[in-house]
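The values are calculated or read from the model by the stated rules, or taken from the named source; none is laboratory data. Given the structure is predicted, the values throughout are model-derived calculations rather than measurements. Glycine gets a Cβ as well: all are built from the backbone with ideal geometry, and neighbour counts include every protein chain shown. Remember, those area values only see protein heavy atoms, side chains included, never the ligands or the DNA or RNA. Shrake-Rupley method; radii C 1.70, N 1.55, O 1.52, S 1.80 Å.
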Amino acid sequence: MAELSNLALDLRGLPDAKAGPLLFSAAQRLGLGQKISVQIDRDPHALLRATAFQLRDAISWTVTGAEHDWQAEVRPRKEAEAKDVVDLLTWDHYRLDRQFADVLAAANANRVEEAETIFQDYWIGLRRHVHMENYILGPVLGGGEKKGPLADMLFEHDSIIQQSRIVDETFQEKDYGMLPAICAVLSGSLAKHENREENTLFPIWQAANNQDKLRAEEFLVQTRALLAGADDAVVKERFPD
């Protein structure tokens, strides 16, 4: 495949059954600062929406053209402005999930140092994410703290933090024999949690968030700063190594 920082993908003459997997494969590997320039002989919006659905909305795009000459530019969604705090958290789910998949792949290949480096970045990122949801958004946006999607989220966060801490201890103790198995269990827990949260709690949060436009903007700014490390002292105090 061509250098992905500026990949040209010509889908002219290809039916969706062939064009779709090619676009998905390229988009799945997009990183920040990279883009795909697509040429296609029909309106590409349906194909792009289908690809975005497969990638859990991890891409954004612009489209120009008409009739039988269309162009689309596809980039990682993170480079586009998040519409609201839920949009930003959904992207962060995708980022954490993909990041931990890289930890698992490195562990399976016995690339332990690489796995640990990626894991440490994931570990602080996870704690920032959980701190924002548990202590800032959850108490305000609701969803059933004692029984309901919010209660489920809090319970699952505790489990994921504990599983992640076990992985961290495994690296610290250099006990690598069970590392792939432990990482595989956590990877599955992450995927299940993110899917459940996005489909049950996030719609409730989005509706509540949109009722107060000023607060919604403040949450978006605060979340963006927190996920970038603005409150790490508090995050590490609540979720120590």
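What is the Å³ per residue value for the convex hull set by the Cα atoms of the chain?
142
Mind listing which GluC sites (Glu not before Pro) in region 18-106 are in a DSSP loop and have 13 or fewer other Cβ atoms within 10 Å?
Answer by residue number: Glu67, Glu81.
Taking the alpha-carbon distance from Lys35 and a cut-off under 18 Å, which aspartates and glutamates remain once sequence neighbours fewer than 8 residues away in the same chain are dropped?
Within the straight-line limit of under 18 Å, Lys35 reaches these aspartates and glutamates: Glu3, Asp10, Asp57, Glu73, Glu79, Glu81.
Quick check: residue separation of Ala151 and Glu169 times 0.36 nm, minus the Cα distance between them. What number comes out in nm?
That works out to 3.7 nm of additional length.
Please compute P(r) over all alpha-carbon pairs of region 1-137, binned at 10 Å starting from zero, and give each bin as a whole-number percent.
11, 35, 31, 17, 5, 0
Can you give me the accessible area per residue for the chain, using a 1.4 Å probe, in Å²? Before the final figure, lay out each step's value.
Values: 12420 Å² over 241 residues.
For the chain, the per-residue accessible area is 52 Å².
Computed on alpha carbon atoms, what radius of gyration and Dmax characterise region 59-99, expressed in Å?
Just the Cα atoms of region 59-99 yield Rg and Dmax of 13.5, 40 Å.
Which entries in the list Lys147/Lys192; Lys192/Lys213; Lys146/Lys174; Lys213/Lys236 go over 28 Å, if you measure between the two C-alpha atoms of each?
On the way: Lys147/Lys192 19 Å; Lys192/Lys213 31 Å; Lys146/Lys174 39 Å; Lys213/Lys236 30 Å.
Violating the 28 Å Cα-Cα cut-off are Lys192/Lys213; Lys146/Lys174; Lys213/Lys236.
With an 8 Å cut-off on Cα pairs and a minimum separation of 6 or more residues, tell me the relative contact order of region 129-220 in percent.
It rounds to 35 percent for region 129-220.
About the Cα centre of region 97-241, how large is the charge dipole given +1 on each Lys and Arg Cβ and -1 on each Asp and Glu Cβ? Please answer in debye to the nearest 20.
On the way: 15 positive and 25 negative charges, 79 e Å.
In debye, rounded to 20, region 97-241 gives about 380.
Excluding Gln99 itself, calculate the net charge of residues whose Cβ lies under 11 Å from the Cβ of Gln99, where each Lys or Arg counts +1 and each Asp or Glu counts -1.
Charge balance near Gln99 sits at -2.
Please list the non-local residues whose amide H lies under 5 Å from the amide H of Ile59, H modeled 1.01 Å from N, same-chain partners needing a gap of 5 or more.
Counting only residues 5 or more places away or on other chains, the set is Arg77.
Can you work out the base-10 log of I(q)/I(0) for region 156-208 at q = 0.25 1/Å, using the Debye formula on its C-alpha atoms alone?
Taking Cα atoms of region 156-208 as identical point scatterers yields -0.91.
By DSSP, what percent of the beta bridges with both residues in the chain are antiparallel, rounded to the nearest 5?
75
His68: net charge of surrounding residues, Cβ under 13 Å, Lys/Arg +1, Asp/Glu -1, itself excluded?
Neighbour charge sum, excluding His68 itself: -2.
Tell me, what HN-Hα J-couplings in whole Hz come from the Karplus equation 6.51 cos²θ - 1.76 cosθ + 1.60 at θ = phi - 60° for each residue of region 217-226, using x for Gly and Pro?
Those phi angles translate into 5, 5, 4, 5, 5, 5, 5, 4, 5, 5 Hz.
Counting only other residues whose beta carbon sits under 13 Å from that of Met153, what net charge do I get with K and R as +1, D and E as -1?
Numbers: positive: Lys146, Lys147, Lys192, Arg196; negative: Glu133, Glu145, Asp152, Glu156, Asp158, Glu194, Glu197, Glu198.
Charge balance near Met153 sits at -4.
What residues qualify as long-range amide H neighbours of Arg42, i.e. H under 5 Å apart, gap of 5 or more or another chain, H built at 1.01 Å from N?
Trp70
Which percent of the accessible area of the chain is formed by carbon and sulfur heavy atoms (probe 1.4 angstrom)?
Roughly 52 percent of what the probe reaches on the chain is carbon or sulfur.
With +1 on each Lys and Arg Cβ and -1 on each Asp and Glu Cβ, how big is the dipole of region 1-134 about its Cα centre, in debye rounded to the nearest 20?
About 160 debye.
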